[in-house]
Every structure is written in structure tokens, then in C-alpha cells.
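Working notes for the structure below.
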């Protein structure tokens, strides 16, 4: 099952604005990987990277595909339900390479009352003696929880460059 082609994933609205008590938050991380863009982008776009890399009881599912526009995706586990659709994808020949995952309204991390992811984007381009990778996670976050959420994102995503390097 894929997202309805009549609508198209590029037309799925990313939630904008925030419910009362929430603010829009964007976590961004950029790092350089000591590999060319080909293997880096292949690793980032291999569903096994995310499906097999999960620690039980967390999981990632793709419905009828991988990182192609319109494929449904869900990250789930205790205190996590982030379901969405793959949006735009541009390969390494289109500098920068880009991938978009738009989360559906109602997705949450920890609790729907604390943090609601809305979009996860990756960019990759050659530079810095390897490949420059940038990720951005947008979320709606309860105002008093913003500092904790930001710290949690820094801790969670800090392992990502090492994980990538060890896999390549």
C-alpha cells in the first residue's frame, strides 16, 4: 500500500502552526563523513539501515517499498508513534541529495502532550573531504519541554555519525 497517487506525497501538508501550549521546534545537525556521497546516500536510503538498526521493542516499518515518494513509514515503540509518508527524494546527481519524510498529525514521541514530530529531512553533498550530511527534525513541542527535547535530540542524534561511519 502506498499513499494515494491522486494526492501525491508532495501535496501532503506538514502540520504548521502549533496547538495551544506548543511551539515549533527544529533540530538540525550537520556532520562530515569520510566517504564519498555514493555509499553514504545508499546507506541513508537503505530501509535495512533503519529497520535492522532498531533495538527491540522499537521498530521501523515501510509499506510496499523503501525511500520512494508515497511509501508509508512508521517508527514505533514504547512512547513513540511516528507514522508518515516519504515525500520528495533527489539522488546524489541532484546536489544536494535530499529526502523528506512527512509525519502525519497525531504522531508523537514520549507523549502526544509533549512532542509531536512533523518532518524529518536529510541532505547530502560532497565537501569537507568527504560527504556533508545534514538532518533536520521538525516537531511541535510543549513550551516547558523544549529544553529537554532539544537535549534529547542532541544526545540521540550524536550517535548517528558514528553509526554511519562504522557501517560504511
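The values are calculated or read from the model by the stated rules, or taken from the named source; none is laboratory data. No experiment lies behind these values; they were computed from the predicted model shown. Counting neighbours? That spans all protein chains shown, and the Cβs are built from the backbone with ideal geometry, glycine included.
May I ask you to say which residue of 82, 26 is within 13 Å of the chain's Cα centre (by Cα), buried (at least 16 other Cβ atoms within 10 Å of the Cβ) and at pLDDT 95 or above?
82
Evaluate the following for residue 107: is it over 14 Å from the mean Cα position of the chain (by Cα) and under 20 Å from residue 59 (Cα atoms)?
Here the answer is no, as residue 107 does not meet what is asked.
Please specify each residue of region 29-70 satisfying the condition of being surrounded by fewer than 16 Cβ atoms within 10 Å (Cβ to Cβ) and assigned to a helix (DSSP H, G or I).
Hits for region 29-70 are 38, 39, 42, 47, 48, 51.
Looking only at region 95-141, how many residues end up being surrounded by 16 or more Cβ atoms within 10 Å (Cβ to Cβ) and part of a strand (DSSP E or B)?
So the answer is 31.
So residue 40 passes all but one of these: (1) within 19 Å of residue 136 (Cα to Cα); (2) touching a helix residue (DSSP H, G or I) at 6+ places or on another chain (Cβ under 9 Å); (3) at pLDDT below 95. Which condition number does it fail?
Condition not satisfied by residue 40: (3).
Could we say that residue 152 is closer than 22 Å to residue 18 by Cα, modelled with pLDDT under 95 and not in a loop (DSSP other than H, G, I, E, B) here?
no
Write out, first by first residue and then by second, each pair whose Cβ atoms fall under 6 Å of each other, whose residues are 6+ apart or on separate chains, and whose first residue, in region 74-100, is closer than 15 Å to residue 39 by Cα while the second is not in a strand (DSSP E or B).
92/37; 92/41; 97/41; 97/91
Kindly list the number of the only condition in (1) within 20 Å of residue 156 (Cβ to Cβ); (2) surrounded by 13 or more Cβ atoms within 10 Å (Cβ to Cβ); (3) at pLDDT below 95 that fails for residue 76.
The single condition residue 76 does not satisfy is (3).
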